[in-house]
Amino acid sequence: MTLEDRWLLPEGIEEILPPAASRLERLRRRLVDLYASWGYELVVTPLIEFLESLLTGTGNDLELQTFKLTDQASGRMMGVRADMTPQVARIDAHVLKREGPVRLCYMGTVLRTRGDGFGGSRSPYQAGVELYGHRGHESDLEALTLLLETLAVANIDNVHLDLGHVAIFRELVRQAGLGQDQEKRLFEALQRKALPEIRELLTAWKLPARYADLLARLAELNGGLEVLAEAEALLAGAGAEIGEALETLRRLVAALRRYRPELPIHIDLAELRGYHYHTGVLFSAYVPGQGQAVAQGGRYDEIGQVFGRARPATGFSTDLAILLALGSVAESASTGIYAPTLGDDPALERRVADLRGQGERLVRALPGAVETPALLGCDRILMYRDNDWLVVPAAEPPVEHGRTR
């Protein structure tokens, strides 16, 4: 590695510089306040923990995304968090152990071995909420509504919402008697909307005509809200679980229509992202010009079972860096007070402490440094005048050695 190369960052690893870092922090604070106003408590998860804890429940699909290393203290394998959802589930089930609904939120950087759908970054700044302990569509609606509020705080417009439900495909597979390998191949074909391949597979497996037709038609059940009526007619008599799934989707759509009548909603019953751990409704938010979802979530019941306490759960996650890039979080005005360097004047130090205590941004001068109030983002100066330390506009003469002249 040459001297020029040693400063390069690995592919997919980014740093956030001023002033974008300040905007990111303001967005983070606003979201923490938003989630708190809905009753969500902030948790801070460890950057690294034992691998078997990270790769349980929702974490099974994350094994290839997780950096692994050996703990020198215990000899056990550890992993760097690639997703905070399994960690928050562990906290709810094994640490808090509360009865009834629990609302938690989280924010922090995760690390992944490869870039994902959030712009190819391997170090997303993940934020999300999880609601544990309630199975009804009302908690799904709360998570969904809070997702939309999150995008609104980031000033992201033209949001399109995709809705699906994994129970429909899962129940049809069970009723058709498909084996694990068959289920996997059909699942992969459905994700590509590969209709000829789907029909070839179903024909080769010699399934009963009804199930072959329903599974084949599933890939075509996507579009506007009329898809729900079409699905209800097609899947009539397909069982209570499928009926409940369609009813959940219909209730969510009706509630969203009251809450956000202008929101474009797309139904896709073959969208099975996170199929191996989601158990119910799925939702993703998209914006024009962005190929990947900017926020996504869904229901994943029994998440705490591997930690000794099965809990229904729903929630969503997003990447704050992506929200920052797509939204319009304003930069703060460049204001501040340029003050003399630290000296031996107690009155000056009391005035500096008082101004900072009032929330003012105050920058101390450094003797011999090439600087001006403007370069330091200061629009005012603290100067000695009329036997007192006064704040005056920066057009006044610059500070020099503890006094002004």
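The values are calculated or read from the model by the stated rules, or taken from the named source; none is laboratory data. Quantities reported herein were computed from a predicted structural model and do not represent experimental measurements. Ideal geometry is used to build each Cβ from the backbone, glycine not excepted, and the neighbour counts take in all protein chains shown. Side chains included, ligands, DNA and RNA excluded: accessible areas come from the protein's heavy atoms. Shrake-Rupley method; radii C 1.70, N 1.55, O 1.52, S 1.80 Å.
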* Return a yes/no flag: does region 61-74 have any residue that is under 30 Å from residue 142 (Cβ atoms), at pLDDT 95 or above and open to solvent by 30 Å² or more (accessible area, probe 1.4 Å). => no
* **Subset of region 127-160 (residues that are surrounded by fewer than 22 Cβ atoms within 10 Å (Cβ to Cβ) and part of a strand (DSSP E or B))** => 160
* **region 268-277, residues that are at pLDDT below 80 and within 19 Å of the chain's Cα centre (by Cα)** => 273, 274, 275, 277
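Quick one: count up the residues across region 195-238 that are assigned to a loop (DSSP other than H, G, I, E, B), of a type outside the set (Gly, Ala, Ser) and either surrounded by 12 or more Cβ atoms within 10 Å (Cβ to Cβ) or in contact (Cβ under 8 Å) with a residue 24 or more places away in the chain (or both).
Total meeting the criteria: 7.
Take the residues in region 218-230 that are small (Gly, Ala, Ser) and over 20 Å from residue 160 (Cβ atoms); name whichever of them is modelled with the highest pLDDT.
Filtering region 218-230 for residues that are small (Gly, Ala, Ser) and over 20 Å from residue 160 (Cβ atoms), the one modelled with the highest pLDDT comes out as 229.
For (1) without any contact (Cβ under 8 Å) to a residue 40 or more places away in the chain; (2) under 28 Å from residue 242 (Cβ atoms); (3) not acidic (Asp, Glu), each residue gets a yes or a no:
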position	(1), (2), (3)
101	yes, yes, yes
121	no, no, yes
134	no, yes, yes
137	no, yes, yes
154	no, no, yes
164	no, yes, yes
175	no, yes, yes
* Among what's in region 92-114 and is in contact with a strand residue (DSSP E or B) (Cβ under 6 Å, 6 or more places away or on another chain) and not in a strand (DSSP E or B), pick the residue that is surrounded by the fewest Cβ atoms within 10 Å (Cβ to Cβ). => 111
* Consider residue 117 against the criteria (1) at pLDDT below 95; (2) under 14 Å from the mean Cα position of the chain (by Cα); (3) crowded, with 18+ Cβ neighbours inside 10 Å: it satisfies all of them except one. Which criterion is unmet? -> (3)
* To do: Being open to solvent by 80 Å² or more (accessible area, probe 1.4 Å) and at pLDDT below 95 is the filter; apply it to region 31-60 and report the residue that is farthest from residue 312 (Cα to Cα).
  => 52
* To do: Out of the residues in region 80-91 that are of a type outside the set (Asp, Glu) and assigned to a loop (DSSP other than H, G, I, E, B), state the one that is farthest from residue 278 (Cα to Cα).
  => 81
* Asked: Looking at region 239-286, which of its residues are open to solvent by 50 Å² or more (accessible area, probe 1.4 Å), among the aromatic types (Phe, Trp, Tyr) and more than 19 Å from residue 138 (Cβ to Cβ)?
  -> 277, 286
